[in-house]
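Structure first, then comments.
The values are calculated or read from the model by the stated rules, or taken from the named source; none is laboratory data. From a predicted model like this one, the values you see are computed outputs, not experimental measurements. Quick reminder, even Gly has a Cβ in these numbers, built from the backbone with ideal geometry, and neighbours come from all protein chains shown.
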Amino acid sequence: MNNPHVRMAIFLAIPVIALAYFSGRPEIDMSTTAAIVAPAGGEDGFRLVATGDRDSDPGRLDCSLAAGEAPEGAPRPLRMAPGCMPANPHLAGARWWLDRPDGTVALAAADGRILAEFAAGDGAAFESYAPRYPLMTLLADD
């Protein structure tokens, strides 16, 4: 311990170790967060924005729809503005809004056929993944 370099290293290390020990460690935030919060009740309103089918109509659709109230786990009645049907004929038979356990949403016909499927979107409430075309986005009405 008579080596001056060892003493100097220990002398410099003590404040660094003390600072690291007393500065505290950041805590892990264990709070739960979610991008989309389920509403307390009532009807959920959305604006459906879609690009036209890539092979036919290159136009753009913008109309409103709403998912009604239903018991937990039951399909919710779907109301669509009349302008939605002509611009998006494959949704013409949509009657039900299905909330799935994995957070996805489906629009179903009266006979149970799935007409469109949506996943939680980045910056939007939901974005379609089926059918592939037209690309559809559901924006929450404020």
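Here are the numbers for the structure shown:
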{"read-out": "Close pairs from segment 119-140: first of a type in the set (Ser, Thr, Tyr), partner part of a strand (DSSP E or B), Cβ under 6 Å, at least 6 apart", "value": "SER128/ALA116; SER128/PHE118; SER128/MET136; TYR129/GLU117; TYR129/ALA119; THR137/VAL49; THR137/GLU127"}
{"read-out": "Test: residue in segment 79-90 that is at pLDDT 85 or above, aliphatic (A, V, I, L, M), in contact with a strand residue (DSSP E or B) (Cβ under 8 Å, 6 or more places away or on another chain) and on the phi < 0 side of the Ramachandran plot", "value": "yes"}
{"read-out": "Test: ARG54 is at pLDDT below 80, in contact with a Phe, Trp or Tyr (Cβ under 6 Å, 6 or more places away or on another chain) and in a loop (DSSP other than H, G, I, E, B)", "value": "yes"}
{"read-out": "Selection count where residues are surrounded by fewer than 15 Cβ atoms within 10 Å (Cβ to Cβ), modelled with pLDDT of 90 or more and acidic (Asp, Glu), scope segment 98-142", "value": "2"}
{"read-out": "Selection count where residues are touching a Cys at 6+ places or on another chain (Cβ under 6 Å), surrounded by 14 or more Cβ atoms within 10 Å (Cβ to Cβ) and of a type in the set (Gly, Ala, Ser), scope segment 80-97", "value": "0"}
{"read-out": "Test result for ALA106, under 15 Å from SER64 (Cβ atoms), without any contact (Cβ under 8 Å) to a residue 24 or more places away in the chain and under 19 Å from the mean Cα position of the chain (by Cα)", "value": "no"}
